[in-house]
1. More than 23 Å from Pro140 (Cα to Cα), hydrophobic (A, V, I, L, M, F, W, C) and surrounded by fewer than 17 Cβ atoms within 10 Å (Cβ to Cβ): does that describe Ile232?
2. So which of Asp215, Asp227, Asp280 is modelled with pLDDT under 85, of a type outside the set (Val, Ile, Thr) and either in contact with a strand residue (DSSP E or B) (Cβ under 9 Å, 6 or more places away or on another chain) or closer than 30 Å to Val139 by Cα (or both)?
3. Just to verify a result, which residue in segment 119-153, among those that are touching a Ser or Thr at 6+ places or on another chain (Cβ under 7 Å) and surrounded by fewer than 19 Cβ atoms within 10 Å (Cβ to Cβ), is farthest from Thr57 (Cα to Cα)?
4. Based on what the data block shows, is Leu80 among the hydrophobic types (A, V, I, L, M, F, W, C), touching an Asp or Glu at 6+ places or on another chain (Cβ under 8 Å), crowded, with 20+ Cβ neighbours inside 10 Å and more than 28 Å from Val259 (Cα to Cα)?
5. Keeping to segment 98-116, report how many residues are farther than 15 Å from Glu86 by Cα and outside any strand (DSSP E or B).
6. Taking segment 112-145 on its own, how many of its residues are among the small types (Gly, Ala, Ser), within 22 Å of the chain's Cα centre (by Cα) and within 17 Å of Tyr88 (Cα to Cα)?
7. Can you pull out every residue in segment 250-269 that is in contact (Cβ under 8 Å) with a residue 60 or more places away in the chain and among the charged types (D, E, K, R)?
8. Which ones in segment 60-70 are in contact (Cβ under 8 Å) with a residue 24 or more places away in the chain and surrounded by fewer than 17 Cβ atoms within 10 Å (Cβ to Cβ)?
Amino acid sequence: MRRIMTHWLTLFSTAIFLTSCVPGLAQTPPRVAEPVGPVFEATAQNGNWALRIPGCTRDTQKQVVCAVTVRSLAQSNLSLTLPLLEHYLVAPTGFRYQGYAVVEGGRPGANSITFDLGRGQTSNIRLVFPNVPESVAFVPYLSMAGYEFRGLPIANNPVAAQPSAPAPSAAANDPGVLHEEVFEDVKLRFLSCTADSQNQRIRCAFEVVAPENRDSKLFVSALDVVDMNGNIYSTSTCGSVTLGNRDGCDYTLIAGLTVRGNAVYRWDSGSDRVARLRLDLYVNGKNKQIVVRNVPVTR
């Protein structure tokens, strides 16, 4: 009888398992759609509980620590199992820093911890990120086991936190920037072009800087290059462009981040300079062709 009752209670209770955020997997929580401004609270897809981050700070060891409140929205007891390690934040420079969770109370397991919440009850969690540089005073993006938070300032930071922190902009005369252009509040900077060892492709490095207050949908395609003799080498494909670790065909640029990219063009020229190259850029459905002239090619 006791075993039957235990089984019935297990079915009656809601068991929620947080999963890690792996792009492209259908079972992961939905992405925040075109967020404008900060996102401090995320609600579970089934509506049984809510996560809220009141704020982040630096502890005495200079680690970034974010307080998280879990609130039950279920009509009955809620059993919540939380992975300890599947949490990370992304700095404005685009670097990712892994963290871990510390839960007050609960039943610890090898890689997770389980705690029980009654109807309307809350529990407190701390997310600890040990290796975040002190220069980072703002978190554009934080993933807690796949649930997204945006625009979190870091209090008690050695570098004074700003209410918003776009990626640092290059000076107009920076010799490392060949060309800089802004379209729909997205900044694109061309950095360099390098020929491969067979001199059949050139790879042009660039970076894209997101606006600080919203995500942007990008489609980026390499069009063509013209060498100094007037020969045209056509590419015309978004698959020849990489942004971060993905192609340029459909990319969500997270607010406040800077992302490195590469555009690869056909090239069969002994010239050490590109007379002109073109990149097709779509931002939230609006289009502009980016043209860069007189670009040196290194080998």
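The values are calculated or read from the model by the stated rules, or taken from the named source; none is laboratory data. These numbers were taken from a predicted model, which means no experiment stands behind them. No Cβ is skipped: glycine too gets one built from the backbone with ideal geometry, and neighbour counts run over all protein chains shown.
1. Numbers: more than 23 Å from Pro140 (Cα to Cα): yes; hydrophobic (A, V, I, L, M, F, W, C): yes; surrounded by fewer than 17 Cβ atoms within 10 Å (Cβ to Cβ): yes.
Here the answer is yes, as Ile232 does meet what is asked.
2. Details: Asp227 fails: modelled with pLDDT under 85; Asp280 fails: modelled with pLDDT under 85.
When all the criteria are applied, what remains is Asp215.
3. Across segment 119-153, the extreme among qualifying residues is Arg119.
4. Details: among the hydrophobic types (A, V, I, L, M, F, W, C): yes; touching an Asp or Glu at 6+ places or on another chain (Cβ under 8 Å): yes; crowded, with 20+ Cβ neighbours inside 10 Å: yes; more than 28 Å from Val259 (Cα to Cα): yes.
Yes.
5. Total meeting the criteria: 3.
6. Here is the first cut: in segment 112-145, the ones among the small types (Gly, Ala, Ser) are 112, 118, 120, 123, 135, 137, 143, 145.
From what is left, the residues that are within 22 Å of the chain's Cα centre (by Cα) are 135, 137, 143, 145.
Those still in the list that are within 17 Å of Tyr88 (Cα to Cα) too: 137, 143, 145.
Residues meeting the conditions: 3.
7. At the first step, the residues of segment 250-269 found to be in contact (Cβ under 8 Å) with a residue 60 or more places away in the chain are 252-260, 263-269.
Within segment 250-269, Arg260, Arg266, Asp268 qualify.
8. Keep residues of segment 60-70 that are in contact (Cβ under 8 Å) with a residue 24 or more places away in the chain, which gives 61-70.
Correct list: Gln61, Lys62, Gln63, Ala67, Thr69.
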